[in-house]
1. In the range 138-148, which residue that is surrounded by 13 or more Cβ atoms within 10 Å (Cβ to Cβ) and more than 26 Å from VAL41 (Cβ to Cβ) is modelled with the highest pLDDT?
2. Go through PRO70, PRO126 for me and flag whichever is surrounded by fewer than 13 Cβ atoms within 10 Å (Cβ to Cβ) and either closer than 20 Å to ASP142 by Cβ or at pLDDT 85 or above (or both).
3. Looking only at the range 48-84, how many residues end up being assigned to a loop (DSSP other than H, G, I, E, B), under 18 Å from GLU21 (Cβ atoms) and free of Cβ contacts under 8 Å to residues at least 40 places away in the same chain?
4. When the range 46-62 is examined, which residues are found to be loosely packed, with under 14 Cβ neighbours inside 10 Å and either in contact with a strand residue (DSSP E or B) (Cβ under 9 Å, 6 or more places away or on another chain) or on the phi < 0 side of the Ramachandran plot (or both)?
5. Would you check if there is a residue in the range 151-160 being charged (D, E, K, R), in a helix (DSSP H, G or I), at pLDDT below 75 and surrounded by 15 or more Cβ atoms within 10 Å (Cβ to Cβ)?
6. Of the residues ASP83, ASP44, only one is of a type in the set (D, E, K, R) and at pLDDT below 90; which?
7. Determine which member of the set THR75, THR118, THR135 is over 19 Å from ASP31 (Cα atoms), crowded, with 18+ Cβ neighbours inside 10 Å and either at pLDDT 90 or above or hydrophobic (A, V, I, L, M, F, W, C) (or both).
8. For the structure I just gave you, tell me whether LEU42 is among the hydrophobic types (A, V, I, L, M, F, W, C), surrounded by 15 or more Cβ atoms within 10 Å (Cβ to Cβ) and either under 19 Å from VAL123 (Cα atoms) or in contact with a strand residue (DSSP E or B) (Cβ under 9 Å, 6 or more places away or on another chain) (or both).
Amino acid sequence: MNALGKDIGTSEGRRIMGMHEPWHILIIEDDLSIQQLLQAVLEDEGYVVHAASNGVEALVMLGLGVFPWPALVMTDLRMPYLDGWCVARRMRDLWGEEVSVVVSTATGDEVPADVQDTVCAVVRKPFELDQLLDTLSEHRRDAPDPRPAALRRMKAMAAFA
């Protein structure tokens with residue numbers, strides 16, 4: 001507790017006091033040079049960056065709890081195995097709407113109707129750095145980790161199989 005009686009040991013208390021834990025962000029990018037550039041820029045901005053080279057790797061890392069639940073996921077659109085839209089669909093199906101997804105693309109693809117509730121923004125490559133940082137800041141969420149509830153749902157569904 002601080003002098004004002006606020007519990008700063010919780011994320012809500014830190015937020016009230018203008019403090020917060022570092023924002024975790026997951027970057028899914030198959031181009032290593034872009035992945036490393038984004039990681040360096042975002043770490044300079046104070047983010048804790050986790051990276052995956054494709055959608056399958058990202059979903060496995062999230063499912064295993066390799067790192068804290070991210071405030072935002074930024075995924076490339078065109079990747080091997082799963083494209084960015086598919087990653088957004090799988091994340092929504094597995095963990096509900098507790099995830100913010102920003103898709104990056106060099107094409108002019110429109111957001112498919114079935115992922116409009118999950119994909120909160122599309123950023124175009126090449127990136128305009130200030131615009132990218134503003135977009136990420138606008139859409140990051142301090143959402144609770146949905147993985148424990150999702151695991152309970154999966155176990156309940158398995159019991160009926």
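The values are calculated or read from the model by the stated rules, or taken from the named source; none is laboratory data. What you see is a predicted model; the values in this text were computed from it and never measured. Cβ atoms come from the backbone with ideal geometry, glycine included; neighbour counts cover every protein chain shown.
1. Only one residue fits best here, namely ARG147.
2. On the way: PRO70 fails: surrounded by fewer than 13 Cβ atoms within 10 Å (Cβ to Cβ).
That would be PRO126, the only listed residue that is surrounded by fewer than 13 Cβ atoms within 10 Å (Cβ to Cβ) and either closer than 20 Å to ASP142 by Cβ or at pLDDT 85 or above (or both).
3. Let us first name the residues in the range 48-84 that are assigned to a loop (DSSP other than H, G, I, E, B), namely 53-54, 65-71, 77-83.
Right, trim to under 18 Å from GLU21 (Cβ atoms) and you get 65-71.
Going one step further and asking which of them are free of Cβ contacts under 8 Å to residues at least 40 places away in the same chain, we end up with 66.
Residues meeting the conditions: 1.
4. Initial filter on the range 46-62 (loosely packed, with under 14 Cβ neighbours inside 10 Å): 46, 60.
Residue satisfying the conditions is VAL60 alone.
5. So in the range 151-160, the residues charged (D, E, K, R) come out as 152-153, 155.
Okay, now just the ones that are also in a helix (DSSP H, G or I), so 152-153, 155.
From what's left, at pLDDT below 75: 152-153, 155.
Within this subset, residues satisfying the condition of being surrounded by 15 or more Cβ atoms within 10 Å (Cβ to Cβ) are none.
No: the range 151-160 contains no residue that is charged (D, E, K, R), in a helix (DSSP H, G or I), at pLDDT below 75 and surrounded by 15 or more Cβ atoms within 10 Å (Cβ to Cβ).
6. Working: ASP44 fails: at pLDDT below 90.
On inspection, the qualifying residue turns out to be ASP83.
7. Working: THR75 fails: over 19 Å from ASP31 (Cα atoms); THR118 fails: either at pLDDT 90 or above or hydrophobic (A, V, I, L, M, F, W, C) (or both).
Result: THR135 is the single residue among THR75, THR118, THR135 that is over 19 Å from ASP31 (Cα atoms), crowded, with 18+ Cβ neighbours inside 10 Å and either at pLDDT 90 or above or hydrophobic (A, V, I, L, M, F, W, C) (or both).
8. On the way: among the hydrophobic types (A, V, I, L, M, F, W, C): yes; surrounded by 15 or more Cβ atoms within 10 Å (Cβ to Cβ): yes; either under 19 Å from VAL123 (Cα atoms) or in contact with a strand residue (DSSP E or B) (Cβ under 9 Å, 6 or more places away or on another chain) (or both): yes.
When the stated conditions are applied, LEU42 passes them.
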